[in-house]
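Asks: Can you read through this structure? Questions will come right after.
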Protein chains: 2
Amino acid sequence: MYEQLGVIGCGLIGGSFALAMKRAGLVKRVIGYNKSPSTTELARRLGVIDAGAESALQAVSGSDIVLIAVPVSATESTLKAIRHLVSPGVLFMDVGSTKGDVIAAARRALGDRASAFVPCHPIAGKETGGVQHADAALFEGRQLILTPEPYTDVQQVQRATDVWSALGATVLKMRPHNHDAAFAAVSHLPHLLAFAYFQAIAEQPTSRDLLSLAGPGFRDFTRIAGGDPAVWRDVLLANKREVLAQSQRFRAALDRLESLMEAGDGSALEAALKPIAEGRNAWQAPGSPAPQAVPSGRPAGK
Amino acid sequence: MYEQLGVIGCGLIGGSFALAMKRAGLVKRVIGYNKSPSTTELARRLGVIDAGAESALQAVSGSDIVLIAVPVSATESTLKAIRHLVSPGVLFMDVGSTKGDVIAAARRALGDRASAFVPCHPIAGKETGGVQHADAALFEGRQLILTPEPYTDVQQVQRATDVWSALGATVLKMRPHNHDAAFAAVSHLPHLLAFAYFQAIAEQPTSRDLLSLAGPGFRDFTRIAGGDPAVWRDVLLANKREVLAQSQRFRAALDRLESLMEAGDGSALEAALKPIAEGRNAWQAPGSPAPQAVPSGRPAGK
């Protein structure tokens, strides 16, 4: 049981964490800080936080657990602003979708105090962000990746593991580089592709008619193109090399399918599509009704 | 009220149509034909059809409404097999995702009798095909596109409109070329992209680990990569020119976003992503809780 949670950035993830911690009875009081006072006011009105803070430092003051839930490029300035309150007596975590840049930022901002900071990434999201969509059940059945460094305090890592597990998440440890490479492939690239695809539709003169005809396949394929532009700006820049490398792989696969179309080769095209469809249908999303068992920590250390 | 529905191809769409017609009390008896006798047997056991037919012709014999729900490349041979039973006294419809090629096939197979045939495309689908996923509610709140030709019997068009409307679909008329161009953009291209993307993941040496880390964004983005390979082989070949043209537009949009990433231009990248996210979030899928009103027939005649 924690006395006070300080949330810096009360968006979908920060707000959901606050609600989940309260519902689980893990925290008595939540204080929140946002760049925009109107967000803080909304979070307070919705009962996501108990009180607003005037600064990031004030949100940390008196808190024994702190969640930093800002776009990753704001991590360094946030940590700098709170650095002299960072100590092993308080659990500090972030929720950024990239980890290599966050860890480097923590090292620069905190120096030796970076041992108190546990880099985290919850694999959870929704069509639309904002504290108004915060959901106490957002992390249930989802994965939570921890990417501690050798210098990270082991007790802090254990406390982070306990907290996220208590919220219903499956906790996995990975090396930061493995994390960033893997999520370039399964999360960051699909976001880039969905953004590019929606843009290509939206810029056509008949886009209104096109969008009026789009059905459930289009809806699901483009859902992630509705993601927060500031968050995805940061992720795409922070993990640029890995995302662009994955994009090259994607373009090569697209080239091959288009060549089969150009050649009008129905048998070869069907032979190419069949294992894809089978592979996709065999895959089970974490958190879906029949989740695939993932041994804790397996992807780490590769 | 129809006496007997003949379904040629009892998959997800054919099976769902049969169930929906029965539930709506629009048909007394359903007879089904499939290339594979085991599919017919399964459809019968599931109560989707009342009896199996030995041939497409036998499924049409005695029927006053016929649904052809086969991959589009099989439309011509199917229509040839039943051609001497095609007459204006029986309503003939297909459900193909492309219409230009289906109409050309109908003209070749049926000659003047093509007036009895109403080309249809229900904008409805599911993650996985097969009669075992047939659903009487599949067409509720969805759009149904009709692409009649000037020679199509107007009474048949009216009957088709009445049937699909009674199953809960919103019926829209479009010219076949406009249909194929629009669906290349909002349905066929995203399927191609999802297939290519899943393939690019699956062929990596670490694909098992990657897939074990993938979350809800990946799940939705790749759902349509689980589509029937025979159906999508046909669609991608039948509508090749339009799909490849849309792919060029997509690649150009992807190039622009990647250039902003390469340049590390955060402000320009955010400025590019913002209207995309806003546009996507403003769009409402037909059949979603707050569907967008689409005046009947609006996209036709452009």
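The values are calculated or read from the model by the stated rules, or taken from the named source; none is laboratory data. Note that the structure is a prediction, hence the values are computed from the model and not measured. Positions of Cβ are backbone-derived with ideal geometry, glycine not excepted, and every protein chain shown enters the neighbour counts.
Asks: If B:VAL118 satisfies every condition in (1) buried (at least 22 other Cβ atoms within 10 Å of the Cβ); (2) more than 18 Å from B:VAL7 (Cα to Cα) but one, which is the exception?
Replies: Status for B:VAL118: all satisfied but (2).
Asks: Among all residue pairs at least 6 apart or on different chains, which show Cβ distances below 6 Å where the first residue, located in region B:190-216, is outside the structural domain of B:GLY227 (by TED's automatic domain parsing) and within 13 Å of A:LEU254 (Cα to Cα) and the second is surrounded by 22 or more Cβ atoms within 10 Å (Cβ to Cβ) and of a type in the set (Val, Ile, Thr)?
Replies: So the pair list comes out empty.
Asks: Still on this model: Can you list the helices (runs of 4 or more DSSP H) found entirely within region B:85-189 that contain at least 3 residues being farther than 20 Å from B:ALA24 by Cβ, at pLDDT 95 or above and under 19 Å from the mean Cα position of the chain (by Cα)?
Replies: Of the helices (runs of 4 or more DSSP H) lying wholly inside region B:85-189, those with at least 3 residues that are farther than 20 Å from B:ALA24 by Cβ, at pLDDT 95 or above and under 19 Å from the mean Cα position of the chain (by Cα) span B:100-110, B:176-183.
Asks: Within region B:257-267, can you find the residues that are in a helix (DSSP H, G or I) and at the interface with chain A (Cβ under 8 Å from one of its Cβ atoms)?
Replies: B:LEU257, B:GLU258, B:MET261, B:GLU262, B:GLY266
Asks: How do the pairs read when you match residues in region B:150-169 that are in contact (Cβ under 8 Å) with a residue 12 or more places away in the chain with residues anywhere that are of a type in the set (Ser, Thr, Tyr) and crowded, with 16+ Cβ neighbours inside 10 Å, using Cβ under 8 Å and keeping only pairs 6 or more apart or on different chains?
Replies: Sorted first by the residue in region B:150-169, then by its partner, the pairs are B:TYR151/B:SER115; B:THR152/B:SER115; B:ASP153/B:SER115; B:GLN156/B:SER115.
Asks: Then there's this: Every residue in region A:39-98 that is among the charged types (D, E, K, R) and either in contact (Cβ under 8 Å) with a residue 40 or more places away in the chain or in contact with a helix residue (DSSP H, G or I) (Cβ under 7 Å, 6 or more places away or on another chain) (or both), please.
Replies: Restricting attention to region A:39-98, the residues satisfying the condition of being among the charged types (D, E, K, R) are A:41, A:44-45, A:50, A:54, A:64, A:76, A:80, A:83, A:94.
Correct list: A:ASP64, A:GLU76, A:LYS80, A:ARG83, A:ASP94.
Asks: Here is a follow-up. Which condition breaks for A:THR75 when tested against (1) under 23 Å from A:GLN284 (Cβ atoms); (2) surrounded by 23 or more Cβ atoms within 10 Å (Cβ to Cβ)?
Replies: (1)
Asks: How many residues does region B:58-84 hold that are over 24 Å from B:TYR151 (Cα atoms) and at pLDDT 95 or above?
Replies: 4
Asks: Let me ask you something else. Just one of (1) closer than 30 Å to B:HIS121 by Cα; (2) within 7 Å of chain B (Cβ to nearest Cβ); (3) free of Cβ contacts under 8 Å to residues at least 60 places away in the same chain trips up A:GLY226, so point out which.
Replies: The single condition A:GLY226 does not satisfy is (3).
Asks: Checking the structure you have, find out if any residue of region B:283-300 is modelled with pLDDT under 95 and among the β-branched types (Val, Ile, Thr).
Replies: The answer is yes; a qualifying residue exists.
Asks: Same structure again: State yes or no: is A:VAL157 surrounded by 23 or more Cβ atoms within 10 Å (Cβ to Cβ) and of a type in the set (Val, Ile, Thr)?
Replies: In short, no.
Asks: Quick one: which residue in B:ASP135, B:ASP94 is buried (at least 22 other Cβ atoms within 10 Å of the Cβ) and of a type in the set (Asp, Glu)?
Replies: Checking each option against the conditions leaves just B:ASP94.
Asks: Can you tell me which of (1) more than 7 Å from chain B (Cβ to nearest Cβ); (2) charged (D, E, K, R); (3) in contact with a Leu (Cβ under 8 Å, 6 or more places away or on another chain) is the one A:ARG208 doesn't meet?
Replies: A:ARG208 satisfies all of (1) more than 7 Å from chain B (Cβ to nearest Cβ); (2) charged (D, E, K, R); (3) in contact with a Leu (Cβ under 8 Å, 6 or more places away or on another chain) except (3).
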